[in-house]
Amino acid sequence: MTDHLKPGSTIGILGGGQLGRMLSVAAARLGLKTHIFEPSADAPASHVAYRVTTANYDDTNALVTFARSVDVVTYEFENIPTEALDIIESICPIRPGRRALAISQDRIAEKAFLSQIDIKVAPYAQIDSVENLQAALTTIGAPSILKTRRFGYDGKGQVRITDAGDAESAYAALKGAPAVLEGFVNFEREISVIAARGIDGAVVCYDPGENVHKDGILDTTTVPATLAAGQHMDAVLMAGKILNALDYVGVMGVELFVTPEGLIVNEIAPRVHNTGHWTQNASVVDQFEQHIRAVAGWQLGDGQRHANAVMTNLIGDDVLSYADFTGAGLHLYGKADVKPGRKMGHVNRISPIE
Ligand code: AMP
């Protein structure tokens, strides 16, 4: 704790969406300021942060001024250009570190890293051409999923291949972007572990949540997930292993498939995560405070859950009934325009642990 940020210090956050907003609120509660770096104006985090820089990630002067004004930099999304990170890192520390970012930006690097530390992933192959894809389909088979290596989110940049004969159209759908072919996992359920690691190496994991997606977007997270005790323990141990292997500092979301043969990691996100929003109303220290504590060099807080929870995302028009959510934790992101598929807020319904 010699090196920790004192109240009044400033944390820089790359990205000004809802995650940056909720991180800023958590930081403010701890007496810390945030400075948001975000290309678009009127972003959700800009309403609650101490300071905002509206500039692009290729604006060297803005990046330098931003980095000089803060004590540490963190981020709310993965796809930050490397050059921007180089500029910032020459001035102040970035937490979580660059390795976690580089790995999570590239599905091939991510799967290679997880395999290296003996964590099971879906069968996969690197795809750079149609011929490549056709060859990979002979080993991985169909059904399978072709995903872009980079920049995919909320099910975007993915095509399901049900028949090996669909290789050409699937490859064309991704417009020639470098890709990965993944064998289709017949999962029983999808879960995620929100895990945190402090500067001192301490790890705190929240209870795994069970996730249901609708139209490729997270719909609900339910905690506790329906898991056998052994599966719960495996999930938490896997998350801890990943964080330790990366010498990670901060909160990470680890998404897993539950199968009869064991757990398979789908992907990791080196940041606070939509599937961890339930912690805001069902844990004393939520994922946002936990992340701020970690990047500020503070000891991690208690991640215990004091209630069962169901988090429901408010997507598009769902948000219009906001005034009716009276018996639940309502979190709105302050986005002016309601658009189909846009995450506008979420609601946490909690109930006593039996
Ligand atoms: P992703 O963008 O990789 O998180 O994928 C989005 C969603 O697609 C996941 O939450 C799963 O529901 C589904 N999915 C992704 N990869 C696979 C896979 N290999 N097998 C089965 N379902 C998958």
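The values are calculated or read from the model by the stated rules, or taken from the named source; none is laboratory data. Being a predicted model, the structure only gives us computed values, none of them experimental. Glycine gets a Cβ as well: all are built from the backbone with ideal geometry, and neighbour counts include every protein chain shown. To get the accessible areas, we keep the full protein, side chains included, count just its heavy atoms, and leave off ligands, DNA and RNA. Shrake-Rupley method; radii C 1.70, N 1.55, O 1.52, S 1.80 Å.
Please return the ranges of strands (runs of 3 or more DSSP E) entirely within segment 119-168 where 3 or more residues are more than 16 Å from the ligand (Cβ to nearest atom) and over 20 Å from Ala269 (Cα atoms). Give the steps one after another, and end with the answer.
On the way: elements: 124-127, 144-148, 158-161.
Result: empty, no element qualifies.
Go through Leu14, Leu23 for me and flag whichever is among the hydrophobic types (A, V, I, L, M, F, W, C) and closer than 18 Å to Ile87 by Cβ.
Leu14
Would you tally the residues in segment 116-143 being surrounded by 15 or more Cβ atoms within 10 Å (Cβ to Cβ) and within 23 Å of Ala245 (Cα to Cα)?
Total meeting the criteria: 6.
Quick one: in segment 185-204, of everything that is touching a residue at least 60 places away in the same chain (Cβ under 8 Å) and in a loop (DSSP other than H, G, I, E, B), which residue is nearest to the ligand (Cβ to nearest atom)?
Val185
Looking for something in a strand (DSSP E or B) and either under 30 Å from Glu190 (Cβ atoms) or not basic (Lys, Arg) (or both) - is there at least one such residue anywhere in segment 97-111? Break it down into steps so the answer makes sense when it comes.
The first filter runs over segment 97-111 and keeps only residues in a strand (DSSP E or B), leaving none.
Looking for residues that are in a strand (DSSP E or B) and either under 30 Å from Glu190 (Cβ atoms) or not basic (Lys, Arg) (or both), one finds none in segment 97-111, hence no.
Would you be able to tell me the number of residues in segment 260-299 that are of a type in the set (A, V, I, L, M), open to solvent by 10 Å² or more (accessible area, probe 1.4 Å) and out of contact with any helix residue (DSSP H, G or I) (no Cβ under 6 Å at 6 or more places or on another chain)?
The number of residues fulfilling the criteria is 3.
Look through segment 215-227, keep the residues that are at pLDDT 95 or above and either more than 16 Å from Asp286 (Cβ to Cβ) or not assigned by TED's automatic domain parsing to the domain that holds Asp286 (or both), and return whichever of them is nearest to the ligand (Cβ to nearest atom).
Filtering segment 215-227 for residues that are at pLDDT 95 or above and either more than 16 Å from Asp286 (Cβ to Cβ) or not assigned by TED's automatic domain parsing to the domain that holds Asp286 (or both), the one nearest to the ligand (Cβ to nearest atom) comes out as Leu218.
Going by the conditions given, is Lys175 open to solvent by 40 Å² or more (accessible area, probe 1.4 Å), modelled with pLDDT under 95 and outside any strand (DSSP E or B)?
On the way: open to solvent by 40 Å² or more (accessible area, probe 1.4 Å): yes; modelled with pLDDT under 95: yes; outside any strand (DSSP E or B): yes.
When the stated conditions are applied, Lys175 passes them.
Among the numbered criteria (1) within 20 Å of the chain's Cα centre (by Cα); (2) more than 13 Å from the ligand (Cβ to nearest atom); (3) open to solvent by less than 10 Å² (accessible area, probe 1.4 Å), which one does Ile88 miss?
Unmet for Ile88, out of (1) within 20 Å of the chain's Cα centre (by Cα); (2) more than 13 Å from the ligand (Cβ to nearest atom); (3) open to solvent by less than 10 Å² (accessible area, probe 1.4 Å): (1).
For segment 291-314, which positions are under 22 Å from Leu332 (Cβ atoms) and not small (Gly, Ala, Ser)?
Selection gives His291, Ile292, Val310, Met311, Thr312, Asn313, Leu314.
Right, Lys241: within 15 Å of the ligand (Cβ to nearest atom) and either open to solvent by 50 Å² or more (accessible area, probe 1.4 Å) or touching a residue at least 12 places away in the same chain (Cβ under 8 Å) (or both) or not?
no
Given the structure, is Gly17 open to solvent by 10 Å² or more (accessible area, probe 1.4 Å) and more than 20 Å from the chain's Cα centre (by Cα)?
It is false that Gly17 is open to solvent by 10 Å² or more (accessible area, probe 1.4 Å) and more than 20 Å from the chain's Cα centre (by Cα).
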